[in-house]
Amino acid sequence: MIIDRHTTYRLPKKLTSPVRHAWEMVGRDLKSVFGEVPKLQLDEEAPVEVEVRYALLGELCPEHPEAFSFQFIEADGVMTFHIMAHDDLGLVFGLLEFSRRYLGVDPFWFWMDKYPVRRDEIHISEENYDSPESFVRFRGWFVNDEVCLIGWKEEYPPAKEVWYPVFEALLRCGGNMLIPGTDLPKHGIHAELASEMGIWVTHHHAEPLGAEMFLRAYPGKKASYQDNPELFEALWEEAIEAQKDRKIVWVLSFRGQGDQPFWIQDPSFDTPEKRGEMISRVVRRQYDMVKQKVEEPYCCVALYGEIAELYKAGHIDIPEDIMRIWADNGYGKMVSRRHNNHNLRVPSLPSKEDGGKHGVYYHVTFHDLQASNHLTLFPSPASFIQQELEDAFHSGAFSYLLVNSGNIRPHVYTLDFIRELWSKGHADSKEHLLQFVYRMYSACEDEITALHLDYAEQTISYGPNEDDRAGEELYHHPAREIVGHWLQGREGQPLQRLNWATGAVGFAEQVDWFSRKCADAVPSWQLLKKRIEQLITKLPNEEQQRMNDHLLLHVKLHLSGCEGFAALGDSYKAYMNKEFPAAFVHASRAMWCYQQGLEAMQEAEHGHWHNFYRADWLTNIQSTVNNMDTLRRWLRVHGDSPDFFAWYKNYLMPETEKYIYLENTHRNPLSDDELARRLKEKFEL
């Protein structure tokens, strides 16, 4: 069978919103491939080449939810390609698989700037196909810490042009569930658009039932269910009423305001028994409220952080038919997450005694003010993810998989790998990487594969556990904490917030620990950067940009961060030795290194990606640059003040001029950058 620009299509007479959105995507794909808008046949009796329809009773189409079938049926000498399903998402997935399989449209075409090839015609083998059932029933993304998406365009909350490519990519990956953003204004389009596209919407564990935050709804009131149950329940009632007719996976939970334990605001809950009893009581109440409004609802409880620890200790009791959702620690390991310096690493998987259904909340990106990856690729190898998720599936946690997807664009490779895991229940990380590279590049595939594998080998191992591997936030939050502690004159005291990494040692030892870790990593990052830059020249222009955006950028963020932190450590050592001009130079070096990270992000903001990274408010490289600038200004006061001419005179002025110059002709002090550069050359630093 041949499809081309003349091919005619027929859609269901009653076009539902999800199918309409899917057809818009496929119609765009067809125009991109053939150069013309596809031809729709409205006459129900006229023959067509491709018919999209709901399966009739008794037809050979899989019965499981969201299934579809490709059937080639001949009638009156005309062969018609039928894309059919029993439900809306089945038709959506069928249409998008048609696009992937025959038109060559990649699930991440938008995020990787990979557009389908123009064709005159495409030959399709007339082989029927039934879609297999996805291994995970509810599978999707939590678009969390999405500051780049928020700041990409001017409109807030983000408009359809931001959300549509996110939701489209999820559907093309076979995903059917979504938390569309974090604590966004309720009037935003995000949740409504997701529902329109047929996606199951679920909730943040800090916003049970998707309800308004208590303190936002009732400013000045005490956020205590013990004291104000009717106020909490009014918010829950409102949320249930607003969503009862949508496809919702209801999250039942009880955490405090601002995504922290509720006992932070209500310290009367001072024992595990009291805390567990309260959570159990609230979850039961939320469950009963949902069941009053929704017939056979899908409900789950997020066993996240301290709730997992309480559940494992036997302090939480929840109804059997509520899914238990287990979470990794933010670094991909299925153990409880680290809270500041508190790191119990309680296993976060169901035991053999746990009944009911279970699922997983998993991070491929994280933000924790410590060592997480927000702007860069997952710091451990994909084989680690494979092992953790396959172990979770084997333990029974396979009914639900919610992946923290962040800003999507930096994490495409990892999201694509998990697409295979949630579809099949297993994957081969090496084979997947090879296939991913072959999809994205047309040359040097083996070399590119090796570069991806080597990336995870270079990330800093900062602790004894296999998941103690650093993303780019290691170079920024701790560095800013060190500068703040130092400039407040507290260097005689340890910075306890860094004990999670350094242990309980003095401040100088803490600075040295981070500085050495980063300095030791610089050569390997430099070598990897050089190898990528040499390989890029062998690729076509479009693929050069892709390699820059999706691998070289990440390496540059690691390298600039390591170099910056190492220079900060040098600055502190010089300061402690009262070598203030050298300390000033090293602080300037740190600032210049961190600035290279900003420049690397700007290079990745071409075309429609203009301003994509301008809202880097979490890793916040610009803030780190500003901190280093503040530090060097402060250091310049140590000996170059008040005229800011002394260091020039002492170290840079020609000897023949030092003792004969007239002060009134030498009163234009050098800028910080100029002075630092000249002193750096003078001191050979």
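Couple of notes before you dig in:
- Reported to the nearest whole Å, the Cα centre-to-centre distance from the range 530-590 to the range 212-285 is 45.
- Zone of residue 522's modelled label, taken as backbone nitrogen in the range 552-575 under 12 Å from a point 7 Å along Cα→Cβ: 559-571
- Potential lengthening between residue 124 and residue 161 on full extension [0.36 nm per residue; Cα-Cα distance subtracted]: 10.0 nm
- Local electrostatic count at residue 651 - Lys and Arg +1, Asp and Glu -1, tallied over other residues with Cβ under 9 Å: +3
- Partnerless Cys - the chain, beta-carbon criterion under 4.7 Å: 61, 148, 173, 299, 300, 444, 593
- Amide H to amide H, with H built 1.01 Å from N, residue 670 comes under 5 Å of no residue 5 or more places away or on another chain.
- Each residue of the range 362-376 was assigned a 3J(HN,Hα) from its phi angle through the Karplus curve 6.51 cos²θ - 1.76 cosθ + 1.60 (θ = phi - 60°); the sequence is 10, 9, 9, 8, 8, 9, 9, 6, 10, 9, 7, 9, 10, 9, 10 Hz, with glycine and proline shown as x.
- Full-extension gain in nm, residue 42 to residue 608, via 0.36 nm per residue minus C-alpha separation: 200.2 nm
- Peptides ranked, highest mean first, by Cβ atoms within 10 Å: ranges 272-285, 140-153, 378-391: 140-153, 378-391, 272-285
- The phi-based Karplus calculation (6.51 cos²θ - 1.76 cosθ + 1.60; θ = phi - 60°) puts the 3J(HN,Hα) values of the range 3-9 at 10, 7, 5, 8, 4, 9, 10 Hz, whole numbers, x for Gly and Pro.
- Counting only Cβ charges, +1 for Lys and Arg and -1 for Asp and Glu, the dipole size of the range 2-130 around its Cα centre is about 580 debye.
- For the chain, the residue among 331, 302, 617 whose Cα projects farthest onto the positive side of the dipole built from Cβ charges is 617.
- Label corresponding to Rg/Rh (Cα atoms, Kirkwood Rh) when calculated from the structure given, among [x] 0.99; [y] 0.97; [z] 1.03: [z]
- Peptide ranges 294-306, 397-409, 439-451 listed from the most packed, as the mean C-beta count within 10 angstrom indicates: 397-409, 294-306, 439-451
- Basic side chains Lys and Arg get +1 at the Cβ, acidic Asp and Glu get -1 at the Cβ, and with that the dipole of the range 78-144 about its Cα centre reaches some 300 debye.
- Label point 7 Å beyond Cα of residue 633 along Cβ direction - residues of the range 564-587 with amide nitrogen under 17 Å: 584-585, 587
- Per-residue Karplus couplings for the range 320-333, computed as 6.51 cos²θ - 1.76 cosθ + 1.60 with θ equal to phi - 60°, are listed in order as 5, 8, 9, 5, 9, 10, 9, 10, 7, 8, x, 10, x, 8 Hz, Gly and Pro entered as x.
- Alpha carbon centroid spacing (whole Å) that separates the range 627-643 from the range 355-426: 45 Å
- Between residue 183 and residue 257, residue separation times 0.36 nm minus the direct Cα-Cα distance comes to 25.5 nm.
- Interchain or long-range residues, amide H under 5 Å from residue 400's placed H: 137, 138, 360
- Debye, to nearest 20: dipole size of the chain, +1 on Lys, Arg Cβ, -1 on Asp, Glu Cβ: 1840 debye
- Residues residue 447 and residue 277, FRET efficiency given R0 of 51 Å [Cβ-Cβ distance, rounded to 0.05]: 0.30
- Ranked by the mean number of other Cβ atoms within 10 Å per residue, highest first, peptides 233-240, 34-41, 508-515, 82-89 order as 82-89, 508-515, 233-240, 34-41.
- The chain: antiparallel DSSP beta bridges as a percent of all, rounded to 5: 30 percent
Here, each number is a calculation from the coordinates, and none is a lab measurement. What you are looking at is a predicted structure, and each value in this text was computed from that prediction instead of being measured. Glycine gets a Cβ as well: all are built from the backbone with ideal geometry, and neighbour counts include every protein chain shown.
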